[in-house]
Amino acid sequence: MGCRLARHFTRLAAGLALALTYAAAAQASTLVYCYETSPETFMPMQIIGQSTADATKHVYNKLVEMERGSTRLIPGVAESWTVSDDGLVYTFKLRKGVKWHSTSYFKPTRELNADDVMFTFERQRNPEHPWHKVGGGRYALFVSMGLDQLIKRIEKLDSHTVRFSLGKPTVAFPAMLAVETFGIVSAEYSDLMMKAGTPEKTATEPIGTGPFAFVSYQKDAMIRYRAHPDHWARSVPGMDDRTAKVDNLVMLITIDPSVRYAKLKAGECQIMRFPNPADIKLMRADPDIQVHEIPGADYAFLGYNTEKKPFQDKRVRLALSLAIDKKNIMDAVYLGETGIAAGALIPPSLPGHDPSIKPYPYDPERAKKLLAEAGYPNGFTADLWAMPVVRVYMPNARRTAELVQADLAKVGVTVNIKTVEWGQYLKRTQDGEHEMVILGWNYPNADPGQIPVLGWSCVAARNGFNRSRWCHKEFDDLIFKAEVTKDEAQRLALYRSAQKLFYDEAPAILIAYATKLAMTRKSVVGYKLTPVGSETFFGVGLKE
């Protein structure tokens, strides 16, 4: 009898504990974002795609951040910084009390300090650093932005002060540091993983200081995060919207935009982006959904690999650009909802845009003449790589490729469309396997020079971020001179000259400037679209 009674109370206690667990879970608030693809890594310095930036942004903090919903630079884990009169030395004062995430796989013994900043940047900058080759040794954004050449020395002045010495004055340096790839990583955690012989775990089990801590990842299914209760911004006046407003954040990986919309309607997620343009009118009419919309700084392009024949010839590149009917693409793919036809290299939402540069006209007859002049009167055959994912700048790459294929057939050019898995697409096009490629650029911050340097310079051609592999000394001279020009009018004039040169050389045809869109359930409060860079889910809450 006593044993049966004991077993009864044991079962009762276990049931009560389970009920309390379910009740606690029900009371916890969870924000679910229908996310479009799996990240390549959780190591910020090795980001090569926007989706990875979205996945890592909430785990890490940077020295410099951008105001939520704005392009204004604000302090991150550096509470302040100063610059020398000659513009060559930037000194960052770190906050005290910045706590690392504590997880099942790592318990920090100290707070963020100068050692972590030194580790984060020296790993990328110094080929002799013991961590430099971990993860493949690729630091594409660091190199493409020219920081490997720009940063000459990094010094720890004390436990909370770090000094960067530059090779040339660069007014955009703080803005560069606001890019997601420069999230500060833990030197202590990295050292522990290296000693354990498992350094690769830092890219799959991340540790940061951000508003959300990583919990788990199921490839092609979901990423789970939990709120960081000790996030530094909770105790800093005016920084409340840098903190988590929900207990849990889930990124539900849902590749098909129509399925994302269905899940949003059903309440399975509260936020989605990259909609099917055909669904937008329905979303606007849905009383349970709010459509957020701002002018974007992202654009789609079709790039020509100038290292391969016949794209080494400017006449061929210009011919193809004239043979493609851009209006047809805008009508069929963007449906008048998600973009406007692009001409100038810098989008109209950023300073330095040249409105006099219009999209290439549709002129197939001139295209045929140029091809004949270049030695291709009967055309040629080439592959066109089409993205397998939806992006704000490219709603349907396959359909775009089919329209391009039909247009180019009219001037004798046979196009074979090729598509591979997204991670492979990024890597293999970075390696230069393609002949033509559909891709796009997201401005990580509001400095107009970032994408000309990151995406179209000679250094970007060498590391593969410049998918056209196009290297032009005069273009480089203009954009790099603009980087060190303090006079704003002169600086923007240099960018306008660079854009005219780009247009004349035609290393790519710009397709569309994106309209940035997001859809939220009406239960979501505090959501703000970010004009540049990845999306933020800190500061976002749910109505009770």
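The values are calculated or read from the model by the stated rules, or taken from the named source; none is laboratory data. Because the structure is a prediction, the values reported are computed rather than measured. Virtual Cβ from ideal backbone geometry, glycine too; neighbours counted across all protein chains shown. Accessible surface is based on the protein model in full, side chains and every heavy atom, while ligands, DNA and RNA are left aside. Shrake-Rupley method; radii C 1.70, N 1.55, O 1.52, S 1.80 Å.
At pLDDT 95 or above, in a loop (DSSP other than H, G, I, E, B) and within 30 Å of Gln290 (Cα to Cα), is that true of Pro206? Here the answer is no, as Pro206 does not meet what is asked. For the criterion of being of a type outside the set (A, V, I, L, M), open to solvent by less than 30 Å² (accessible area, probe 1.4 Å), touching an Asp or Glu at 6+ places or on another chain (Cβ under 9 Å) and over 30 Å from Gly423 (Cβ atoms), Tyr495 passes. In the stretch 245-271, of all residues being in a loop (DSSP other than H, G, I, E, B) and more than 21 Å from the chain's Cα centre (by Cα), the one that is nearest to Arg521 (Cα to Cα) corresponds to Gln270. Taken together, Leu542, Leu501, Leu529 contain a single residue that is more than 20 Å from His58 (Cα to Cα) and either touching a residue at least 12 places away in the same chain (Cβ under 8 Å) or surrounded by 21 or more Cβ atoms within 10 Å (Cβ to Cβ) (or both), which is Leu501.
Hey, could you check the stretch 84-134 for residues that are part of a loop (DSSP other than H, G, I, E, B) and of a type in the set (A, V, I, L, M, F, W, C) and say which is farthest from His228 (Cα to Cα)? Quick ask: steps written out before the conclusion?
We begin by selecting, within the stretch 84-134, every residue part of a loop (DSSP other than H, G, I, E, B); these are 84-88, 95-113, 126-133.
Subsequent filtering for residues that are of a type in the set (A, V, I, L, M, F, W, C) retains 88, 98, 100, 106, 112, 131.
Numbers: Leu88: 36, Val98: 11, Trp100: 9, Phe106: 14, Leu112: 15, Trp131: 27 Å.
Taking the candidates together, the pick is Leu88.
Checking each residue in the stretch 36-83 for being at pLDDT below 90 and either among the basic types (Lys, Arg) or in a strand (DSSP E or B) (or both) picks out only Arg72. The set of residues from the stretch 57-96 being more than 25 Å from Pro448 (Cβ to Cβ), of a type outside the set (Lys, Arg) and open to solvent by less than 30 Å² (accessible area, probe 1.4 Å) comprises His58, Val59, Tyr60, Asn61, Val77, Leu94. Here is the figure for the stretch 347-399: residues that are in contact with a Gly (Cβ under 6 Å, 6 or more places away or on another chain) and either under 17 Å from Asn328 (Cβ atoms) or assigned to a helix (DSSP H, G or I) (or both) total 3.
Among the conditions (1) in contact with a strand residue (DSSP E or B) (Cβ under 6 Å, 6 or more places away or on another chain); (2) assigned to a helix (DSSP H, G or I); (3) more than 20 Å from Tyr513 (Cβ to Cβ); (4) not basic (Lys, Arg), Ser321 misses just one, which is (3).
List the residue pairs whose Cβ atoms are under 6 Å apart, where the first residue sits in the stretch 312-324 and is touching a residue at least 12 places away in the same chain (Cβ under 8 Å) and small (Gly, Ala, Ser), the second is open to solvent by less than 40 Å² (accessible area, probe 1.4 Å) and part of a helix (DSSP H, G or I), and the two are 6 or more positions apart or on different chains. Note: pairs meeting the criteria are Ala319/Ala367; Ala319/Leu370; Ala319/Leu371; Ala323/Pro364; Ala323/Ala367; Ala323/Asp407; Ala323/Leu408. Residue-level check: of (1) touching a residue at least 40 places away in the same chain (Cβ under 8 Å); (2) open to solvent by 30 Å² or more (accessible area, probe 1.4 Å), Asp487 misses just (1). The single residue among Leu370, Leu403, Leu454, Leu384 that is in contact (Cβ under 8 Å) with a residue 12 or more places away in the chain, touching a Lys or Arg at 6+ places or on another chain (Cβ under 9 Å) and under 17 Å from Ala300 (Cβ atoms) turns out to be Leu384. Across the stretch 518-544, the number of residues qualifying as of a type in the set (S, T, N, Q), out of contact with any Ser or Thr (no Cβ under 7 Å at 6 or more places or on another chain) and assigned to a loop (DSSP other than H, G, I, E, B) comes to 2.
Candidates in the stretch 312-341 are the residues that are basic (Lys, Arg) and open to solvent by 20 Å² or more (accessible area, probe 1.4 Å); of these, the one that is farthest from Arg469 (Cα to Cα) is Lys327.
Could you tell me whether Leu302 is within 30 Å of Pro377 (Cβ to Cβ) and either assigned to a strand (DSSP E or B) or open to solvent by less than 10 Å² (accessible area, probe 1.4 Å) (or both)?
Working: within 30 Å of Pro377 (Cβ to Cβ): yes; either assigned to a strand (DSSP E or B) or open to solvent by less than 10 Å² (accessible area, probe 1.4 Å) (or both): yes.
In short, yes.
Residues in the stretch 514-525 that are open to solvent by 10 Å² or more (accessible area, probe 1.4 Å) and in contact with a Pro (Cβ under 9 Å, 6 or more places away or on another chain): how many?
Looking only at the stretch 514-525, we keep the residues that are open to solvent by 10 Å² or more (accessible area, probe 1.4 Å), and these are 515, 521-525.
When the remaining residues are screened for being in contact with a Pro (Cβ under 9 Å, 6 or more places away or on another chain), the result is 515, 522.
Summing the residues that are open to solvent by 10 Å² or more (accessible area, probe 1.4 Å) and in contact with a Pro (Cβ under 9 Å, 6 or more places away or on another chain) in the stretch 514-525 gives 2.
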